[in-house]
Amino acid sequence: MNFEPSPRSREFLERVQQFIVDHIEPIEAQYWREVHENNPTGDWTKWRIHPTVEALKAKAKAQGLWNLFVPDPKLGAGLSTLEYAPIAEATGRSLMAPEIFNCNAPDSGNMEVLYRYGSEAQQKKWLAPLLAGEIRSVFCMTEPEVASSDATNMVATAVVEGDEIVLNGRKWWTSGLGDPRAKVAIFLARTPDANADRHAQHSMVLVPLDTPGVEIQRMVKVFGDYDAPHGHGEVLFRNVRLPLDAVIAGPGRGFEIAQGRLGPGRIHHCMRCIGAAEKSLELMIDRGAARTAFGKPLINLGGNRERVAEARVAIDQARLLTLHAAWKLDELGALGSMTEIAAIKVVAPSMLQKVVDDAIQLHGGAGVSQDTLLTGFFAQARSLRLADGPDEVHKGLIAKLELRKRGHR
């Protein structure tokens with residue numbers, strides 16, 4: 001195993017880092033202040049995209065820093081998962097950077113689905129404008145009525161009726177639903193089939209958000225914040241009718257597609273967590289060195305130096321574990337790297353949560369304000385311990401696979 005970045009990976013990484021230093025870090029604090037001022041309420045119909053975003057996206061695209069996660073060189077950078085991993089880490093140091101390079105969730109995961117499983121017509125209609133950064137997309141999976149940690153609990157349905165697919169159900173935590181550029185949803189729901197096992201009774205359906213029967217009902221706050229102009233919405237599907245060619249890869253293949261979607265996406269999420277943790281550690285050290293209390297720099301009080309050391313160890317451990325998972329995903333695919341992917345999904349967000357919490361503590365009141373990136377990083381970390389499956393589900397999978405090695409169930 002060799003985790004040293006390839007020359008192409010290193011070259012892209014250096015350019016992305018320089019772009020962030022030159023164009024994003026100098027304006028990010030002011031950008032978020034203006035975003036909150038211009039989108040102050042939960043009325044997502046009035047949310048607007050800050051002009052800086054599209055201007056920076058155009059600049060990144062012109063420099064070839066675009067779709068860096070896409071492994072196909074005709075559509076993106078052509079980097080492997082392992083090669084892209086340090087780039088994802090670099091973008092994680094900023095709350096706005098992933099979007100600037102068109103490498104942000106949920107679009108990146110949806111593009112993976114369309115690239116790997118979409119028909120030619122689906123790719124032309126939806127993948128092409130997503131790759132161009134012209135539209136945004138959402139993924140509808142979690143449901144308020146059931147424990148969504150078990151995806152087979154899903155009550156939303158996608159039923160085949162003749163040459164149509166009919167959708168019914170309620171979804172929430174549909175990230176990005178408040179974005180005025182969001183045009184399409186991937187809807188995951190049950191397609192009952194008495195002759196199929198429980199993992200072959202779900203479908204993914206492409207749903208234009210202006211389809212009759214699609215009703216966006218509200219945005220849900222995360223720790224009291226609407227996360228405008230992105231948002232996390234609750235949406236009702238009431239007898240939504242679409243042609244069968246809106247189904248991705250055919251009815252009943254939703255779980256299969258989900259596994260292909262979530263593998264690379266979890267690598268991306270975890271590497272961004274590592275980048276956010278590195279930034280948080282830097283902020284903690286700089287704050288601790290600059291502020292004085294009781295005649296000493298804050299960094300020399302209490303156990304603050306130990307917290308710095310613990311953060312360094314935890315960040316490096318999480319990085320190595322994630323790079324190993326990325327390497328194994330490239331070598332063996334999602335099914336061959338299930339333990340490693342589940343492990344990083346447990347480790348990286350929890351590590352970030354602890355590092356950010358220590359940074360917040362050292363910042364005092366400023367740490368829980370909107371004046372630093374720390375509250376955004378904390379919300380990211382705590383949410384990711386639930387998103388794409390809660391910690392407990394991933395630990396259960398790891399234990400199951402370990403027991404299987406010993407012949408136990």
Among residues of the stretch 126-152, those that are out of contact with any Gly (no Cβ under 9 Å at 6 or more places or on another chain), farther than 24 Å from residue 390 by Cβ and among the charged types (D, E, K, R), counted: 1
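To keep it simple, each residue is scored yes or no on (1) of a type outside the set (Gly, Ala, Ser); (2) at negative phi.
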{"position": "307", "(1), (2)": "yes, yes"}
{"position": "312", "(1), (2)": "yes, yes"}
{"position": "350", "(1), (2)": "no, yes"}
{"position": "358", "(1), (2)": "yes, yes"}
{"position": "361", "(1), (2)": "yes, yes"}
{"position": "367", "(1), (2)": "no, yes"}
{"position": "381", "(1), (2)": "no, yes"}
{"position": "385", "(1), (2)": "yes, yes"}
{"position": "389", "(1), (2)": "no, no"}
Cβ pairs under 6 Å, 6+ apart, first in the stretch 9-34 and under 26 Å from residue 82 (Cβ atoms), second β-branched (Val, Ile, Thr): 12/87; 13/87; 16/87
Tally, over the stretch 209-251, of residues that are touching a His at 6+ places or on another chain (Cβ under 7 Å) and in a loop (DSSP other than H, G, I, E, B): 1
Considering residues of the stretch 360-409 that are of a type in the set (Ser, Thr, Tyr) and under 20 Å from residue 315 (Cα atoms) only, the residue surrounded by the fewest Cβ atoms within 10 Å (Cβ to Cβ): 383
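Would you confirm, using the coordinates I've provided, whether residue 85 is closer than 29 Å to residue 25 by Cα, small (Gly, Ala, Ser) and in contact with a helix residue (DSSP H, G or I) (Cβ under 7 Å, 6 or more places away or on another chain)? So that I can check it myself, show each step before the final result.
Numbers: closer than 29 Å to residue 25 by Cα: yes; small (Gly, Ala, Ser): yes; in contact with a helix residue (DSSP H, G or I) (Cβ under 7 Å, 6 or more places away or on another chain): yes.
Criteria met by residue 85.
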Qualifying residue in the stretch 274-285 (condition: without any contact (Cβ under 8 Å) to a residue 40 or more places away in the chain and more than 17 Å from residue 84 (Cα to Cα)): yes
Failed item in (1) surrounded by fewer than 22 Cβ atoms within 10 Å (Cβ to Cβ); (2) at pLDDT 95 or above; (3) not assigned by TED's automatic domain parsing to the domain that holds residue 144, with residue 244 passing the rest: (3)
Given (1) in contact (Cβ under 8 Å) with a residue 40 or more places away in the chain; (2) of a type in the set (S, T, N, Q); (3) within 16 Å of residue 272 (Cα to Cα), index of the condition residue 353 fails: (1)
Residue in the stretch 92-99 that is among the basic types (Lys, Arg) and closer than 24 Å to residue 208 by Cα present: no
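The values are calculated or read from the model by the stated rules, or taken from the named source; none is laboratory data. Computed from a predicted structure; not experimentally measured. Glycine also receives a Cβ, built like all others from the backbone with ideal geometry; neighbour counts cover every protein chain displayed.
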